Amino acid sequence: QTGPVIDMPVPSSFNDITQDPSLENYIGWVWYEKEALLPLRWLQDDLNTRVVLRFGSAHYYSIVWVNGVQVVEHEGGHLPFEADISSIVQGSPGIPCRITVALNNTLTPHTLPPGSIQYMNDKTRYPKNYFVQNIRFDFFNYAGIHRPVVLYTTPSVYIDDITVTTTSSESVAMVQYQVSVVGSTLYSLSLSLRDQEGKVVATGDGPAGELKVLNPNLWWPYLMHENPGYRYSLEVKMQAQANGALLEDVYTLPVGIRTVHVTSTQFLINGRPFYFHGVNKHEDADIRGKGLDWPLVVKDFNLLRWLGANSFRTSHYPYAEEIMDLCDAYGIVVIDECPGVGIKMPESFGNKSLQHHLVVMEELIRRDKNRPSVVMWSVANEPASELPPAAYYFKTVIAHTKALDPSRPVTFVTDANYALDRGAPYVDVICVNSYFSWYHDPGHLEVIPLQLTTQFENWYKTYQKPIIQSEYGADSVPGLHSDPPLMFSEEYQKAMLREYHSVFDKKRKEYVIGELIWNFADFMTNQGTTRVLGNKKGIFTRQRQPKSAAFVLRERYWKIANESSCLPPIIKSHFLFL
């Protein structure tokens, strides 16, 4: 017995695919099912072949069955999970493999992001059993299988994980590696590091060691070097004897050689000061919602480079691996944020929430730890960090994150008062969001210079840590004009940006190390009296067309890049007019 059955594309959110308003705002269980014919060579009862089913992400709680047998459960969206299904599918050649997925998008005080279900018990106003999903974040709670689902094989003895860290001086770099092999303790490992021409520059063997690279090509951010995003290829080859056969597993990992260091006033990449001039984004688009969409991804990177942006934050959750791959390749620097958004309720700071948050950080770091583009972890966005339990909570999450990855700084993004924030003592970089003349003193652009300057000076005086303005902005309805500037006009958005920029220009000579506009593009939100078909703070529309503010930001970002770049002028001008 089932409910209605409809076709549903994957990857995609299910919310905007039909004309059914009940599916648009649906909360609860949905079921996906698909049959796949697997290659015969996978299915012959081969003890030496392992068949794996992998999900890039699904929102939020997933239970997966293969041929009616439960194979995996996973809590949380935005991150991958997989299951070994060999014992179920092998020995049954010619029989389709039936994959069934149950998804539940309900958010509770202990999920990440948190939420709550509120039952409306006034029978004079609401139907029986009427409820709403309350959330404390400002983007639409899309749900579905958002990223690719793949079947793949490995030998029964296989490379399970690789961890790479790098150090460098001018003439030599060291690539430290650790390789985890599962399925046997009797195996051999050989490693070779190749440059982009395919030349082997270093070799090694064994599960842990160090590769020495002479005269290395470093991984540089976009606009800091004429060849940004340089990556070597680390080929890891494992051989093992099992069940009377020689097994071989080979994995090639892109490796960028770069260092990150934070001082009290600077963020250094490869020993050189780096200034974040970038954006906040969302995985969000018409029809597909949060589903991975390659044309959209490539369009967004072309817009980022046109804009002169060198960085973005994965607000407010980890983005698809395909997006992260392009950041590595193009030299776009990333602040990698977990789904810790909307942590507002006191019950979301308890042990149950904390334990899940630690697991999420483990999953995120395992996925993204080898990415040169990722220079900092963010463990939350705008939590209620003034609450007493926030001190222990963030001390624990940040310590756990640093234990998992000592090579990167850790932050969370705050909108709390500098004197009351109980998590800020534990971060390496202060990331602060503020919306002067929008949510505070709306319409009064003249208050921005004083309020923003005071914000920076208070935070720096208290913590002596570098500061990123991690959000600022104003809604603008494209085509709405007003002079003098009034709220929601394109002119007001431009004027607000310019007021913020004048303060940034003073403070970036001291300890402000970055500015990230909110937002790259308009995006969908829950319906509300301040939201007209979503949040309109994008400098591009949801369809990726520029508003007036995009040209203001483009002029600024290229000017900053040209001031700080060590590229010869001819390269600068070539980049400028690309």
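The values are calculated or read from the model by the stated rules, or taken from the named source; none is laboratory data. None of these values were measured; they are calculated from a predicted model. Every residue, glycine among them, receives a Cβ derived from its backbone with ideal geometry; neighbour counts consider all protein chains shown. The area values use the complete protein model at the heavy-atom level, side chains included, leaving out ligands, DNA and RNA. Shrake-Rupley method; radii C 1.70, N 1.55, O 1.52, S 1.80 Å.
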> If you rank Thr314, Thr124 by how much accessible surface each has, with a 1.4 Å probe, what is the order from largest down?
Replying inline: Thr124, Thr314
> Quick one: Cα centre-to-centre distance for the stretch 32-99 and the stretch 222-283, in angstrom?
Replying inline: 30 Å
> If the viscosity is 0.890 mPa s and the temperature 25 °C, what translational diffusion coefficient in µm²/s does Stokes-Einstein give for the stretch 432-578 when Rh comes from Kirkwood over Cα pairs?
Replying inline: 150 µm²/s
>> Normalised by the empirical 2.2 N^0.38 Å for globular proteins, what value does the Cα Rg of the stretch 21-153 take?
In response: 1.32
> Given R₀ = 30 Å, FRET efficiency for Leu37-Ser180 by Cβ-Cβ distance, to 0.05?
Replying inline: 0.40
> What is the distance in Å between the Cα centres of the stretch 292-321 and the stretch 467-530?
Replying inline: 19 Å
> Which distance in nm do the two modelled labels at Asp325 and Thr462 give, with both placed 7 Å along the Cα-to-Cβ direction?
Replying inline: 4.3 nm
> Tyr251 to Ser92: FRET efficiency via 1/(1 + (r/R0)^6), r the Cβ-Cβ distance, R0 45 Å, to the nearest 0.05?
Replying inline: 0.95
> Over the C-alpha atoms of the stretch 20-91, what are the Rg and the largest Cα-to-Cα span, Dmax, in Å?
Replying inline: 15.0, 49
> Full extension from Asn562 to His481: what is 0.36 nm times the residue separation minus their Cα-Cα distance, to one decimal in nm?
Replying inline: 26.0 nm
> Could you sort Glu82, Glu33 by accessible area so the largest value comes first, with the probe set to 1.4 Å?
Replying inline: Glu33, Glu82
> Computed over the Cα atoms of the stretch 290-434, what is the convex hull's projected area averaged over all directions, in nm²?
Replying inline: 8.9 nm²
> Gain in length, Arg366 to Trp29, computed as 0.36 nm per residue apart minus the alpha-carbon separation, to one decimal in nm?
Replying inline: 118.5 nm
> Rg (Å, one decimal) plus Dmax (Å, integer) for the alpha carbons of the stretch 290-337?
Replying inline: 10.1, 26
>> Using +1 at the C-beta of Lys and Arg and -1 at the C-beta of Asp and Glu, which of Thr314, Ala399, His356 has the Cα lying farthest in the positive direction of the dipole of the stretch 304-420?
In response: Ala399
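Can you flag which of Lys281/Lys395; Lys465/Lys509; Lys290/Lys536; Lys344/Lys395; Lys369/Lys402; Lys536/Lys559 are past 19 Å Cα-Cα?
Beyond 19 Å: Lys281/Lys395; Lys536/Lys559.
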>> What are the extents of the Cα atoms of the chain along their three principal axes, in Å, largest first?
In response: 79, 75, 46
>> Quick check: residue separation of Tyr439 and Thr454 times 0.36 nm, minus the Cα distance between them. What number comes out in nm?
In response: 3.7 nm
> Label point 7 Å out from Tyr392 along Cα-to-Cβ: which residues of the stretch 100-144 have amide N under 20 Å?
Replying inline: 109-111
> Charges only on Cβ, +1 for Lys and Arg, -1 for Asp and Glu: so what's the dipole of the chain about the Cα centre, in debye to the nearest 20?
Replying inline: 760 debye
>> Give me log10 I(q)/I(0) at q = 0.16, 0.19 Å⁻¹ for the stretch 355-481, Debye formula, one equal scatterer per alpha-carbon, no solvent.
In response: -0.85, -1.06
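Compute the Rg/Rh shape ratio of the stretch 154-255: radius of gyration over Kirkwood radius, all on alpha-carbon atoms.
1.05
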>> Tell me which of Thr18, Ile63, Ile6 sits at the most positive position along the dipole axis of the stretch 1-64, charges placed on C-beta atoms (Lys, Arg +1; Asp, Glu -1).
In response: Ile63
> Tell me, what % of the accessible area of the stretch 156-261 is carbon and sulfur with a 1.4 angstrom probe?
Replying inline: 45 percent
> Tyr126 versus Lys509, label points 7 Å from Cα toward the beta carbon: distance in nm?
Replying inline: 5.6 nm
> Tyr230's amide H: which non-local residues (gap 5+, or another chain) put their own amide H closer than 5 Å, with H modeled 1.01 Å from N in plane and none for Pro or chain starts?
Replying inline: Trp220
> Residue by residue through the stretch 74-89, which ³J(HN,Hα) values in whole Hz follow from phi under the Karplus form 6.51 cos²θ - 1.76 cosθ + 1.60 (θ = phi - 60°), with glycine and proline marked x?
Replying inline: 8, 9, x, x, 6, 10, x, 8, 8, 9, 7, 10, 3, 5, 8, 9
> Between Thr108 and Thr153, what FRET efficiency follows from the Cβ-Cβ distance if R0 is 45 Å, with the result rounded to 0.05?
Replying inline: 0.75
>> As an exercise, identify the chymotrypsin sites (Phe, Trp or Tyr not before Pro) in the stretch 116-177 lying in DSSP coil whose Cβ has no more than 14 other Cβ atoms within 10 Å.
In response: Tyr130
>> Suppose we look only past 12 Å in the calculated P(r) of the stretch 68-110. What percent of the Cα-Cα pairs does that tail hold?
In response: 71 percent
